[in-house]
Amino acid sequence: MRVSEQEAVESTARGLGVFLERRREQIAQRWADAPLFRSVFTVSRDEAVEACKAVVDALCEVASTGRLEDIAAPGFDRVREQLGRMSGSRTRTGAGPAQIADEFAALRTPVAELLRAESAGTSVAEETESLLALTALMGTLRLVVMQTALSSGEELIARQRQQLLEVATPVISLWDGVVAVPLIGTLDSARSQIVMESLLESIVARRARYAILDITGVPTVDSLVAQHLMKTVAAARLMGAECVISGIRPAIAQTIVHLGIDLGTVLTRASLADALAYALSQQGIEVSPHAEVR
């Protein structure tokens with residue numbers, strides 16, 4: 001009875017899985033001394049060996065299913081997080097994606113040496129098929145690593161972007177019951193949401209009665225930015241705080257008029273100092289002009 005090509009491939013893959021399981025300890029010991037694992041697990045070699053065994057187990061599971069080129073094979077699920085941590089660790093030490101990929105590709109060599117030694121009594125064709133299956137499996141592992149690394153990189157970038165937005169929109173306490181947000185740069189939907197959340201949290205935490213939005217550092221104001229400002233003012237009012245917008249420059253004032261944006265219900269002041277003086281006066285605190293020293 002003739003065996004189909006697909007059945008032959010699956011049989012070779014399962015045979016590779018049996019080999020990996022049988023040589024698990026030896027492979028793990030050799031991998032633990034490879035540059036990749038040695039540079040990531042610097043505290044304990046035993047920790048590196050255990051990590052290597054987990055990766056070998058994953059490869060065994062993938063090989064047993066015959067899905068050597070499937071990056072979605074269930075066997076990889078157990079080690080994706082670990083592979084991502086390893087890639088992240090190498091990235092933090094200055095290794096680029098190409099170097100990380102090469103380090104994972106280098107893991108094939110010690111496995112291939114063990115496979116050749118065990119295949120000494122088989123035909124050249126069988127040995128070649130086994131080595132090709134190993135190459136396919138290790139190539140898929142490399143793709144999984146790169147996919148995981150890219151995903152982790154995107155998550156890291158997203159977290160850093162969020163942190164930058166929070167740092168770029170600080171809420172400062174100017175006086176008892178008075179908080180301010182000095183806005184600098186372009187306002188978009190994401191940053192406007194951060195401004196609103198930070199301001200409202202600060203109003204509650206500091207029991208502020210007055211909140212100042214200073215837009216002196218905002219280069220332009222369009223209808224979208226104006227809507228965000230109006231929403232922030234409305235939200236602050238709902239929290240029991242009166243909101244003042246300061247720093248509207250002449251050019252921005254003209255733009256607002258040309259766009260037909262109605263800020264009639266919003267309290268405005270020319271500068272942050274004027275807005276603070278207003279908030280203090282509303283609390284019965286008199287602000288006197290600074291006398292010139294002669």
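Read the figures in this text as sums done on the coordinates, not as results from a lab. Keep in mind that what you see is a predicted model, and the values were worked out from it rather than measured. Heads up, the Cβs are rebuilt from the backbone with ideal geometry, glycines too, and the neighbour counts pull from every protein chain shown.
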Taking the Cβ-Cβ separation of Ala72 and Glu25 as r and a Förster radius of 30 Å, what is the calculated FRET efficiency to the nearest 0.05? 0.60
So which residue, out of Ala241, Ala211, Ala190, gets the largest mean-square fluctuation from a GNM of the chain using Cα contacts under 10 Å as springs? Ala190
Longest principal axis of the chain (C-alpha) makes with the long axis of helix 272-282 (C-alpha) an angle, in degrees to the nearest 10, of 60
Between Ile285 and Arg237, the FRET efficiency computed from the C-beta separation at R0 = 35 Å comes out, to the nearest 0.05, as 0.95
Treat the count of other C-beta atoms within 10 Å as a stand-in for reagent exposure and order His228, His258 from fewest to most. His258, His228
Only Cα pairs within less than 10 Å get springs; with that Gaussian network setup on the chain, which residue of Ala54, Ala205, Ala275 has the largest fluctuation? Ala205
With angles folded into 0 to 90 degrees, how steeply does helix 223-238 sit against the dominant principal axis of the chain? Use alpha carbons for both and round to 10. 70
How much net charge surrounds Ala95 when only the other residues with a Cβ under 15 Å from the Cβ of Ala95 are counted, with Lys and Arg +1 and Asp and Glu -1? +3
Helix 5-22 sits at what angle to the longest principal axis of the chain, using alpha carbons and giving 0 to 90 degrees rounded to 10? 80
Charges only on Cβ, +1 for Lys and Arg, -1 for Asp and Glu: so what's the dipole of segment 172-282 about the Cα centre, in debye to the nearest 20? 140
GNM of the chain, Cα pairs under 10 angstrom: of Val124, Val18, Val111, the biggest fluctuation goes to Val124
Can you say what percent of the DSSP beta bridges in the chain, counting only those with both residues inside, are antiparallel? Round to 5. 20
